[in-house]
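The values are calculated or read from the model by the stated rules, or taken from the named source; none is laboratory data. All values reported here derive from a predicted model rather than from experimental measurement. So basically every Cβ, Gly included, is an ideal-geometry build from the backbone, and we count neighbours across all protein chains shown. Note: accessible area is taken over every heavy atom of the protein model, side chains too, but ligands, DNA and RNA are not part of it. Shrake-Rupley method; radii C 1.70, N 1.55, O 1.52, S 1.80 Å.
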Amino acid sequence: MAADPVPRKSIRPEHAKRFRETRFQRMKPIVIGLLAIVLLSVLTCYWLVFIRVTNPGLTFENELQIPEQSFGTVVDGRRQFHLTVAEGTREFLPGKQTPTAGVNGPYLGPTLRLRRGEDVDLVVQNNLDEMTTMHWHGMHVPARMDGTPHQEIEPGESWTASFEVHQQAAPLWYHPHPHGTTGRQVYRGVSGLMWIDDDHSDALDLPRTYGVDDIPLVIQDREFDGDGAFRFAVNQGAVYGNTMLVNGTWSPLLRVEARRIRLRLLNGSNARIYYIGFDDGREFHQIATDGGFLDAPLQTNRVTLAPGERAEVLVDFSDGAEVVLRSYPEAGLLETITSHWVGIGTGNLQLLKIVPKSPTRVSHGLPERLNPIPRIDASQAAKTRPMVLAGPLQRGPEGQGGQGGRGGRAARVGQGGQGRQGEQGGRRQRVGPAGIPINGKTMDMARIDEVVRLGDIEIWEVSNRGGQPHPFHVHLVQFQILDRNGRPPSAAELGWKDTVLVPPGDLVRIIMRFDRYADPQVPYMYHCHIMEHEDNGMMGQFLVVEDPALLSKSPSHVAGG
Ligand code: C2O
Ligand code: CU
Ligand code: CU
């Protein structure tokens, strides 16, 4: 191998090197400038999306309202509640009167206290000037008592739901469910909490003094017009507000004793998802999910709540430090950025300032165990049903939908949400231009989509083929999450659930037991709990029957109950 006889340098003429250098010299500031611009815009975007508070300037000077609690009255051994739904006005923002609707008051409703084993009657009086219904979200009730779109209450009329409470202690809630107008009615203020207690929950060493160390927190986003009216503005197919209310209180402050406090959170928003934590990053313990206690307290610093979901947490305030309950932009990176971009941002939101004061009692302890959750055995499942969210909309008769109910009504699919929805005229107006389907179909109140055999265990495979997250809710049952994309659920998802968040591309397998309440005529619902999606047809209906084979091939009609 011959050595290079000539020094390298002399190969390249000096002027070429000079030329390259001058070109580089000329380019250098441009390149550096461009890099700086890129870096700056990345930092700015990061700041805008992840750091900047979306609702700044709150002074937290309004005492957090605590909805009154109601134990009803016991009449002939039945616990009776009277709920009157009516319009009202309420001052949320200083000096502005907001037209609202509520239950036994202008905004939201009383927290109903139920006990396992009791018979209850819930008398709902509709004093609105439009039809409504009242649904007991998370409660195991007969279909005729479920307050779905089929149990209509006309203006001036009343309706009574009667059932036995036979499920464990759980933080449930109630809200209207008229097809096409659920979102509007809830947005105006119609909804409330419904908590079940039982002997087991009584025996746990947990804070339970309502409004003192056991605090309900209904989290909602609203948008206000200049004159104080609620603005119901659909963006990206749903309603997102820029102003946070907790229990209907704007810029709220909560004073608690400096000890362990129980917060019972409900995401009562139409569409917004929250990733809740404290601004000092403190850890706390989640103790319950939608349908009851976890096995054991779960130490964490975040709780994810999609619309309809609940969580109970225990927070230790004994350090006496003031903290702000916040929501953080913690969806997937791409989702966080795009949702921010289109103006529905997952949000860096201030919710509630909490100020501890000196305690008058010693703190409750932290129970080691709460409630054992027996896992439902997947090998016992009698049936597996796909639930494809936001896949292609099937046109034509049922059956082509692949998931045609055995109840076999002719489907009127493909009307996809242009304006009204059939026989009931203007009342059933849809919100957006196009409905998002489940299993290729949008909601048809006259069509049964699924028929379940009483007593069966079933697995539903809920997959999201769309580009935005959908919280999937099933009436009648509390289910367990088997897995998410083939992986075991997170610790917080090991609890009893009736609503599960399914982000784009996810496949969540849920398992449930249908051990009560057959009715061959009146269906239950499953749907996305983003209320505008639901109103716009992202909902289906299932029957629970003793023997699906006995259902006639052409059942007469879907009864209202
Ligand atoms: Cu909370 Cu069918 O709903
Ligand atoms: Cu429900
Ligand atoms: Cu949805």
Please tell me if residue 467 is more than 26 Å from residue 292 (Cβ to Cβ) and away from ligand 2 (no atom under 16 Å from the Cβ). yes
Kindly evaluate residue 104 against the criterion of being open to solvent by 30 Å² or more (accessible area, probe 1.4 Å), away from ligand 3 (no atom under 16 Å from the Cβ) and of a type in the set (S, T, N, Q). yes
Any chance residue 521 is out of contact with any strand residue (DSSP E or B) (no Cβ under 6 Å at 6 or more places or on another chain) and within 16 Å of ligand 2 (Cβ to nearest atom): no
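For (1) buried (at least 21 other Cβ atoms within 10 Å of the Cβ); (2) polar (S, T, N, Q), each residue gets a yes or a no:
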| residue | (1), (2) |
| --- | --- |
| 299 | no, yes |
| 302 | no, no |
| 311 | yes, no |
| 316 | no, no |
| 330 | no, no |
| 346 | yes, yes |
| 363 | no, yes |
| 367 | no, no |
Selection count where residues are outside any loop (DSSP other than H, G, I, E, B), within 16 Å of ligand 2 (Cβ to nearest atom) and open to solvent by less than 10 Å² (accessible area, probe 1.4 Å), scope region 119-161: 8
Exactly one condition in (1) within 16 Å of ligand 2 (Cβ to nearest atom); (2) open to solvent by 20 Å² or more (accessible area, probe 1.4 Å); (3) touching a helix residue (DSSP H, G or I) at 6+ places or on another chain (Cβ under 8 Å) is not met by residue 482; state its number. (1)
State yes or no: is residue 201 within 28 Å of residue 313 (Cα to Cα), open to solvent by less than 10 Å² (accessible area, probe 1.4 Å) and out of contact with any strand residue (DSSP E or B) (no Cβ under 6 Å at 6 or more places or on another chain)? yes
Of all residues in region 75-87, count the ones that are small (Gly, Ala, Ser) and surrounded by 15 or more Cβ atoms within 10 Å (Cβ to Cβ). 1
I'm checking my understanding of the structure. Among residues of region 57-73 that are assigned to a loop (DSSP other than H, G, I, E, B) and open to solvent by 90 Å² or more (accessible area, probe 1.4 Å), which one is nearest to residue 254 (Cα to Cα)? 61
Given the conditions (1) under 18 Å from residue 214 (Cβ atoms); (2) of a type outside the set (S, T, N, Q); (3) surrounded by fewer than 21 Cβ atoms within 10 Å (Cβ to Cβ), and given that residue 288 satisfies all but one, which numbered condition is not satisfied? (3)
Would you confirm, using the coordinates I've provided, whether residue 170 is farther than 30 Å from residue 91 by Cα and within 15 Å of ligand 2 (Cβ to nearest atom)? yes
Inter-residue pairs, beta-carbon under 6 Å, first in a loop (DSSP other than H, G, I, E, B) and in region 235-257, second within 16 Å of ligand 1 (Cβ to nearest atom) and hydrophobic (A, V, I, L, M, F, W, C), 6+ apart: 240/271; 247/218; 248/108
